[in-house]
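One structure is given here, and the rest of the page talks about it.
The values are calculated or read from the model by the stated rules, or taken from the named source; none is laboratory data. Everything numeric here is computed off the predicted structure, so don't read it as measured data. Cβ placement follows ideal geometry from the backbone for every residue including glycine, while neighbour counts extend to all protein chains displayed. Only protein heavy atoms, including side chains, enter the accessible area calculation; ligands, DNA and RNA are left aside. Shrake-Rupley method; radii C 1.70, N 1.55, O 1.52, S 1.80 Å.
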Amino acid sequence: MPLALLSLALVAFGIGTTEFATMGLLPQIADSLGVSVPQAGNVVSAYALGVVVGAPVLTGLGARIPHKRLLLLLSGLFVIGNVASALAPNFGLLFAARFLAGLPHGALFGVGAVVASRLVGPERAGTAVSRMFLGLTVANIVGVPAGTALGQQLGWRYAYTAVAVIGLVALAALAAFVPHQPRGPQAGIRHELRAMANKQVAIGLATAVVGFGGFFAVYSYLVPILTHLTGLADSSTTLVLALYGVGMTLGTLVAGPLTDRALRPTLYGGLALLLASLVAFYFAVHSLVPALVTLVVMGAVGALVTTPVQMLLMAKAKAAPTMAAASNHSAFNLANAGGAWLGGLAISAGWGWASPALVGAALAAAGLGLALVGGVMDRGTGSSEVITESRGKTSARAQGDAVELH
């Protein structure tokens, strides 16, 4: 089980590295391909668009494929997308390659989360899922700075080549260590789509888009905020981003056990603390030490939200949790785009470089409101369960295959 979870975490590490390292390589990409830096930034949008499209589409197409085989196929597509990115001779093909690389992102996380939850007892499902997410947070500490440095020193193509190698190693680890998990007789795209029709799934996805949009409203502009207001030199921002990643890792470590213990309270607490930390960052940003401390806290409480949202969606999708789990990552990418857009509007309106923090706080408050609405709607319906087998069981609790939300 630890090796299987480590294999899933390695996949997440590769995904996190390829997603965020691109942002630090935009000047090199622009110079190499003869485009402006803002135009080069469109490759970031291409990847995010691939995630939004790929999560439901690839999960639906693979609805009848056993989870291990589907993980291997998706990992192979991830490797192909990054190899294509490294070899792209012009901007148009690089744009297409980044879209291709983003396609398996959400499906990999969705299928991986379901697989991770089935590797352990139901009382530890949240912890297992959070261990997979650790790969994504560690990527912000190690993978992104290393990939950025490699790309800056040797050329941006080497960064994507390194990610492709990570993907190959992860693929081999998945093949060796993840056990076979057969699909149930009801498995199929119609079964998954029926599960997605649950109102609580829609509220959970909306909570992710709006609430986590508050996180990205600041994260997207963190470097200019720190250089303009905190007084950090450009050369120090990479270390600060790694520090932010440390906070995210700490939050992810805590999120799993807390989610297993009390899912909805963990979600409420994470969003409330995110709101408070964003407001605190608005006032602390002008002083170095308070700004850095608040930054670590913000990273931690932001990560604290991801696991309970993932487990909530898997619970509400009942016996067909894979598409809901994958769609969560489409929601996070929409949060990325929406939060960055709203934060940019505040800056463009002349509200100052610190204004994205207040925009983020408003989004976090709205996300908390949505989560509370979902909790109120859930009352009187009995305890919800995370179903860890898609076999149409009438009583998952009787079989010991459920994790309670309350």
Within the range 376-389, can one find any residue that is outside any loop (DSSP other than H, G, I, E, B) and at pLDDT 90 or above? yes
Using the structure shown, decide if residue 8 is in a helix (DSSP H, G or I) and open to solvent by 40 Å² or more (accessible area, probe 1.4 Å). no
Looking for whichever is more than 18 Å from residue 220 (Cα to Cα) and of a type in the set (Gly, Ala, Ser) here; the options are 16, 24, 34. Which one fits? 34
Where the second residue is among the acidic types (Asp, Glu) and open to solvent by less than 10 Å² (accessible area, probe 1.4 Å) and the first is over 18 Å from residue 132 (Cβ atoms) and lies in the range 62-83, which pairs have Cβ atoms under 9 Å and are six or more apart or on separate chains? 63/192
Report those helices (runs of 4 or more DSSP H) wholly inside the range 203-313 carrying at least 3 residues which are under 21 Å from the mean Cα position of the chain (by Cα), β-branched (Val, Ile, Thr) and surrounded by fewer than 24 Cβ atoms within 10 Å (Cβ to Cβ). 237-261
Somewhere in the range 93-108, is a residue of a type in the set (Phe, Trp, Tyr), under 17 Å from residue 13 (Cβ atoms) and under 17 Å from the mean Cα position of the chain (by Cα)? no
Are there any helices (runs of 4 or more DSSP H) wholly within the range 22-107 with 3 or more residues that are open to solvent by less than 40 Å² (accessible area, probe 1.4 Å), and if so which? 26-33, 42-61, 67-87
Name the pairs: first residue in the range 285-302 and hydroxyl-bearing (Ser, Thr, Tyr), second residue in a helix (DSSP H, G or I), Cβ to Cβ under 8 Å, at least 6 apart or on different chains? 287/230; 294/277; 294/280; 294/281; 294/284
Which of the numbered conditions does residue 14 fail, given that it passes all the others? Conditions: (1) outside any helix (DSSP H, G or I); (2) open to solvent by less than 30 Å² (accessible area, probe 1.4 Å); (3) within 26 Å of residue 157 (Cβ to Cβ). (1)
Matching residues in the range 332-351 (without any contact (Cβ under 8 Å) to a residue 12 or more places away in the chain and within 22 Å of residue 286 (Cβ to Cβ)) number 4
For the range 42-66, which positions are under 20 Å from the mean Cα position of the chain (by Cα) and of a type outside the set (A, V, I, L, M)? 42, 45, 47, 50, 54, 56, 59, 60
Subset of the range 119-142, residues open to solvent by 10 Å² or more (accessible area, probe 1.4 Å) and either among the hydroxyl-bearing types (Ser, Thr, Tyr) or in contact with an Asp or Glu (Cβ under 7 Å, 6 or more places away or on another chain) (or both), comes to 122, 123, 124, 127
Of everything in the range 183-202 that's open to solvent by 30 Å² or more (accessible area, probe 1.4 Å) and modelled with pLDDT of 85 or more, which residue is nearest to the chain's Cα centre (by Cα)? 202
Looking at (1) touching a Phe, Trp or Tyr at 6+ places or on another chain (Cβ under 8 Å); (2) without any contact (Cβ under 8 Å) to a residue 12 or more places away in the chain; (3) not charged (D, E, K, R), find the lone condition where residue 37 falls short. (1)
Sole miss for residue 352 among (1) at negative phi; (2) open to solvent by 20 Å² or more (accessible area, probe 1.4 Å) is condition (1)
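Quick one: count up the residues across the range 327-369 that are of a type outside the set (S, T, N, Q) and within 19 Å of residue 277 (Cβ to Cβ).
Looking only at that region, the number is 24.
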How many residues are in contact with a Leu (Cβ under 9 Å, 6 or more places away or on another chain) and closer than 16 Å to residue 363 by Cβ when one looks only at the range 263-276? 8
